[in-house]
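Participant: Structure incoming, see below.
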Amino acid sequence: MAEFIRDLLQRWFYNRRTNAHEMSTYLTTFADEHIKDRTKTAHRCEIHPIHFNTFKVDNKWKETTVDLDKRSCSCRQWDLDELLCSYAMAVASIAMEETNLLGRPKKLRIPSVGEKRKLQSCSKCGKKDTIK
């Protein structure tokens, strides 16, 4: 009997370990499928800002309030699953777009203390700091 239980546990751990190595994301397949479904629903939502990190989200069926600071939604699905609900995903996608549009990245990086700037050479004449 003990040999049977040991063999069963060994097979179970082996199967779980191989499935975990084959996964392409950090999420389980269950969570990954739910997030894909919620992403599809999130595209149909209308978002209206209430405050800096509080938004009213309108869907055809429901109107909810998402608070990014408290990490909660009035639909309570985010609180129960600890996975973003479709309303929070809609707000998060808009917030990500806005942060990407805030400013243009600097062309030249500011060197750290003690770091020297590398001089670029011209591809035609080979001289350093020649404008092409």
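Participant: State all residues of segment 65-81 that are closer than 10 Å to THR54 by Cα, in contact with a Cys (Cβ under 8 Å, 6 or more places away or on another chain) and not charged (D, E, K, R); if no residue qualifies, say none.
Facilitator: THR65, VAL66, CYS73
Participant: If you go through segment 83-97 one residue at a time, do you hit one that is at pLDDT 80 or above, within 30 Å of ALA42 (Cα to Cα) and acidic (Asp, Glu)?
Facilitator: no
Participant: So, one more: It is to be established whether one or more residues within segment 52-72 are loosely packed, with under 12 Cβ neighbours inside 10 Å, at pLDDT below 85 and within 21 Å of the chain's Cα centre (by Cα).
Facilitator: For segment 52-72, residues loosely packed, with under 12 Cβ neighbours inside 10 Å, at pLDDT below 85 and within 21 Å of the chain's Cα centre (by Cα): present.
Participant: Being at positive phi and of a type outside the set (Phe, Trp, Tyr) narrows it down to one residue among ARG76, ARG44, ARG38, ARG17; which is it?
Facilitator: ARG76
Participant: Just one of (1) over 16 Å from ALA92 (Cα atoms); (2) part of a helix (DSSP H, G or I); (3) at pLDDT below 85 trips up LEU27, so point out which.
Facilitator: In the conditions (1) over 16 Å from ALA92 (Cα atoms); (2) part of a helix (DSSP H, G or I); (3) at pLDDT below 85, LEU27 misses (2) alone.
So that you can scan it fast, the table gives a plain yes or no per residue for (1) over 20 Å from MET89 (Cβ atoms); (2) part of a helix (DSSP H, G or I); (3) of a type in the set (Gly, Ala, Ser):
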{"residue": "GLU3", "(1), (2), (3)": "yes, yes, no"}
{"residue": "LEU9", "(1), (2), (3)": "yes, yes, no"}
{"residue": "ARG16", "(1), (2), (3)": "yes, yes, no"}
{"residue": "HIS21", "(1), (2), (3)": "yes, yes, no"}
{"residue": "ASP32", "(1), (2), (3)": "no, yes, no"}
{"residue": "ASP37", "(1), (2), (3)": "no, yes, no"}
{"residue": "THR41", "(1), (2), (3)": "no, yes, no"}
{"residue": "ARG44", "(1), (2), (3)": "no, no, no"}
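The values are calculated or read from the model by the stated rules, or taken from the named source; none is laboratory data. None of these values were measured; they are calculated from a predicted model. When we count neighbours, we look across all protein chains shown, and the Cβ atoms used for this are built from the backbone with ideal geometry, even at glycine.
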